[in-house]
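Visitor: Have a look at the structure that comes next, please.
The values are calculated or read from the model by the stated rules, or taken from the named source; none is laboratory data. Here the structure is a predicted model, which means the values were calculated and not measured. Heads up, the Cβs are rebuilt from the backbone with ideal geometry, glycines too, and the neighbour counts pull from every protein chain shown. For the accessible areas, the whole protein counts, side chains as well, though only heavy atoms, and no ligand, DNA or RNA atoms are used. Shrake-Rupley method; radii C 1.70, N 1.55, O 1.52, S 1.80 Å.
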Amino acid sequence: MKGPILNIFLKNPVPGKVKTRLAKDIGEEAALEVYQALVEKTRDACKDLDVPKVLWFDSYLPNPSDLGSWGHSPLLIRKQEGKDLGEKMRNAFLYCFQNGSGPAILIGSDCPELDLLHLKEAFHILDHKDVVLGPAKDGGYYLVGLKSDTPELFHGIEWSTETVFARSLEKLQWARKQVGLLPVLSDLDDVQDLEYFESKGILDWKKNGS
C-alpha cells in the first residue's frame with residue numbers, strides 16, 4: 001500500500017486488560033464497555049478517511065468479522081511488537097515506511113473528541129512539516145504523524161506520564177525537525193474524564209440503558 005496510511009493502536013477487548021485505571025472505580029466489565037464505546041467512536045472518526053488503515057492489536061489478532069466497518073479503504077490487522085510503547089510505535093511506523101507507505105499517522109482509541117477533520121488536518125500538516133503531534137490535556141499526545149523514520153521520538157521518554165508531550169517536543173527540536181501541532185484535546189483515562197464526556201454527551205457507553 002503506497003501513499004498516506006493511518007495506524008490505530010488498539011487493545012484486545014479483555015476484561016481487566018483495558019482501561020485499568022477506570023476499572024478501579026467502575027469495575028472491569030463496565031470499563032470494558034467504555035473501552036468498546038471508545039473504539040466505536042474512533043472507528044466513526046476514521047471510516048470516512050480514504051486512506052489504507054492498519055489496526056495494531058496488543059495481544060492477538062482478532063477475527064476480521066468482529067471488527068465492524070472501518071470504511072471502504074484497505075484494512076490490515078497486525079500485532080504490536082516491542083518492549084514498551086515507544087518501541088511498539090516506532091515498529092509500526094517502520095512497517096509503513098519499509099513497505100513504501102507514507103506519510104503515516106498513528107492514533108489510539110482514548111480520545112473521544114478526535115474527529116475526521118483532525119485526521120485530515122494532520123495529513124495536511126505533513127505536506128509541509130516533518131512531524132505532526134496532537135497534544136492531550138493530560139500531558140501526552142493523542143496523535144503522532146511522521147514523513148520518515150524518526151527514532152529519537154521513541155526512546156528516552158517516560159511513557160504514560162504528564163511529561164510525554166513536552167519531552168517529545170524537546171527531542172524533535174534537538175533533532176531539528178519541523179513540527180506542526182493539532183488542537184489540544186482530552187483523553188479518557190479515569191472516572192473524572194468519563195463523567196466529563198458523559199455530561200457533554202460525547203460518549204454514550206451504557207448498553208441497553210444499564
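Visitor: Are there chymotrypsin sites (Phe, Trp or Tyr not before Pro) in region 31-101 that DSSP puts in a loop and that have at most 12 other Cβ atoms within 10 Å, and which ones?
Guide: 60
Visitor: Using every alpha carbon pair in region 133-187, what percent of pairs falls into each 10 Å bin from 0 up to the bin containing the largest distance?
Guide: Taking all Cα pairs of region 133-187, the binned fractions are 25, 60, 15 percent.
Visitor: With axes computed from alpha carbons, what is the tilt in degrees of helix 28-46 against the longest principal axis of the chain, rounded to the nearest 10 within 0 to 90?
Guide: Once rounded, one gets 50 degrees.
Visitor: Quick check on the chain: helices-only [θ] at 222 nm, where DSSP H runs of length 4 and up contribute -39,500 (n - 2.57) each and the sum goes over total residues. Nearest 500, please.
Guide: One gets -10500 deg cm²/dmol as the mean residue ellipticity at 222 nm.
Visitor: Something else about it: Report in % the part of the accessible area of region 3-198 that belongs to carbon and sulfur, leaving out ligands and nucleic acids; probe 1.4 Å.
Guide: 47
Visitor: Something else now. Looking at the chain, what % of the alpha carbon pairs are farther apart than 22 Å?
Guide: The share of Cα pairs beyond 22 Å in the chain comes to 48 percent.
Visitor: Where is the GNM fluctuation largest for the chain (alpha-carbon springs, 10 angstrom cutoff): 150, 161, 42?
Guide: 161
Visitor: Further question on the same structure: Going through the cross-link list 11/200; 129/206; 24/171, which pairs have a Cα-Cα distance over 32 Å in this structure?
Guide: Correct reply: 129/206; 24/171.
Visitor: Which net charge results for the neighbourhood of residue 150, defined as the other residues with beta-carbon distances under 10 angstrom from its beta-carbon, given Lys and Arg at +1 and Asp and Glu at -1?
Guide: In short, +1.
Visitor: Something else about it: Which of 55, 85, 76 moves most in a GNM of the chain, Cα contacts under 10 Å?
Guide: With Cα springs under 10 Å in the chain, the top fluctuation among 55, 85, 76 is at 76.
Visitor: Continuing with this model, one more query. Cα axis of helix 164-174 to longest principal axis of the chain: angle in degrees, 0 to 90, nearest 10?
Guide: Value to nearest ten degrees: 0.
Visitor: Could you report region 144-206's accessible area per residue, 1.4 Å probe, as an integer in Å²?
Guide: Per-residue value: 56 Å².
Visitor: Given the options 149, 44, 66, which has the most mean-square fluctuation in a GNM of the chain, springs set between C-alpha atoms less than 10 angstrom apart?
Guide: Per the Cα network of the chain with a 10 Å cutoff, 66 tops the list.
Visitor: Net charge near residue 132, counting Lys/Arg +1 and Asp/Glu -1 over other residues with Cβ under 12 Å of its Cβ?
Guide: Around residue 132, the surrounding residues sum to +1.
Visitor: Please identify the trypsin sites (Lys or Arg not before Pro) of region 162-201 that satisfy two criteria: DSSP loop assignment and at most 16 other Cβ atoms within 10 Å. Which are they?
Guide: Those that pass, being in a loop and sparsely packed, are 176, 200.
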